[in-house]
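Asker: Following this message is one structure expressed as structure tokens.
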């Protein structure tokens with residue numbers, strides 16, 4: 001009869017279990033930030049795609065109606081939300097309604113001459129100029145549609 005546990009008993013010792021948990025924790029501390037960064041890049045890409053599509057609709061509307069619409073509702077995009085859950089921002093710059101609200105680059109020149117279309121980004125805040133930190137995460141249309149991307153990447 002055996003009264004002692006066999007040296008080759010099944011299961012893990014406490015040290016082996018702590019090592020396994022430690023390794024999993026280290027891997028998780030590396031993987032989670034990478035995954036969150038990936039999700040944010042996907043959201044930015046989705047906002048770029050949305051803005052490009054809405055911009056194309058507005059451009060077609062402008063050709064058909066001889067000017068941009070006064071709101072996104074005129075082109076069937078009222079209430080469309082960006083990937084962060086905020087409505088896309090639109091201003092017709094060709095009418096007196098939008099002239100005071102034009103987005104500005106680092107030199108305070110207007111980004112567009114026809115209309116502004118942008119997402120206020122991850123932080124949900126934005127300023128008229130691209131200089132303040134609140135505007136750096138905005139996804140925007142600039143140079144009359146020749147640039148669509150993050151405000152931090154725009155260099156006129």
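Asker: Can you tell me which condition residue 152 does not meet? The list is (1) over 12 Å from the mean Cα position of the chain (by Cα); (2) closer than 24 Å to residue 38 by Cα; (3) assigned to a helix (DSSP H, G or I), and all the others hold.
Answerer: (1)
Asker: Determine if region 96-107 includes at least one residue that is in a loop (DSSP other than H, G, I, E, B), under 23 Å from residue 56 (Cβ atoms), at pLDDT below 95 and under 18 Å from the mean Cα position of the chain (by Cα).
Answerer: Looking through region 96-107, at least one residue is in a loop (DSSP other than H, G, I, E, B), under 23 Å from residue 56 (Cβ atoms), at pLDDT below 95 and under 18 Å from the mean Cα position of the chain (by Cα).
Asker: Give the number of residues within region 114-136 that are on the phi < 0 side of the Ramachandran plot, part of a loop (DSSP other than H, G, I, E, B) and either modelled with pLDDT under 95 or surrounded by fewer than 20 Cβ atoms within 10 Å (Cβ to Cβ) (or both).
Answerer: Just the residues of region 114-136 that are on the phi < 0 side of the Ramachandran plot, to begin with: 114-120, 122-123, 125-136.
Subset that is part of a loop (DSSP other than H, G, I, E, B): 114, 120, 122-123, 125-128, 130-132, 136.
Adding the requirement that they be either modelled with pLDDT under 95 or surrounded by fewer than 20 Cβ atoms within 10 Å (Cβ to Cβ) (or both) leaves 114, 122-123, 125-128, 130-132, 136.
Result for region 114-136: 11.
Asker: Return a yes/no flag: does region 86-95 have any residue that is at pLDDT below 95 and out of contact with any strand residue (DSSP E or B) (no Cβ under 6 Å at 6 or more places or on another chain).
Answerer: Yes: region 86-95 contains one or more residues that are at pLDDT below 95 and out of contact with any strand residue (DSSP E or B) (no Cβ under 6 Å at 6 or more places or on another chain).
Asker: Can you say whether residue 59 is at pLDDT below 95 and farther than 18 Å from residue 139 by Cα, as far as the supplied structure shows?
Answerer: no
Asker: Here is a further query. Test residue 124 against the stated conditions and say whether it is in contact (Cβ under 8 Å) with a residue 24 or more places away in the chain and over 16 Å from residue 50 (Cα atoms).
Answerer: When the stated conditions are applied, residue 124 passes them.
Asker: Considering each residue of region 69-98, count those that are farther than 18 Å from residue 145 by Cα and out of contact with any helix residue (DSSP H, G or I) (no Cβ under 6 Å at 6 or more places or on another chain), and give that number.
Answerer: Going through region 69-98 one residue at a time, the tally reaches 13.
Asker: Right, next: Criterion first (touching a helix residue (DSSP H, G or I) at 6+ places or on another chain (Cβ under 7 Å) and within 15 Å of residue 58 (Cα to Cα)) does residue 130 satisfy it? If you could, list the steps in order and put the result at the bottom.
Answerer: Details: touching a helix residue (DSSP H, G or I) at 6+ places or on another chain (Cβ under 7 Å): yes; within 15 Å of residue 58 (Cα to Cα): no.
For residue 130, the condition - touching a helix residue (DSSP H, G or I) at 6+ places or on another chain (Cβ under 7 Å) and within 15 Å of residue 58 (Cα to Cα) - is not met.
Asker: State all residues of region 53-101 that are under 19 Å from residue 111 (Cα atoms) and surrounded by fewer than 14 Cβ atoms within 10 Å (Cβ to Cβ); if no residue qualifies, say none.
Answerer: Scanning region 53-101 gives 53, 56, 71, 95, 96, 97, 99, 100, 101.
The values are calculated or read from the model by the stated rules, or taken from the named source; none is laboratory data. Every value quoted in this text rests on a predicted model; they were computed, and no experiment measured them. Here Cβ is always computed from backbone atoms with ideal geometry, including for glycine, and neighbour counts include all displayed protein chains.
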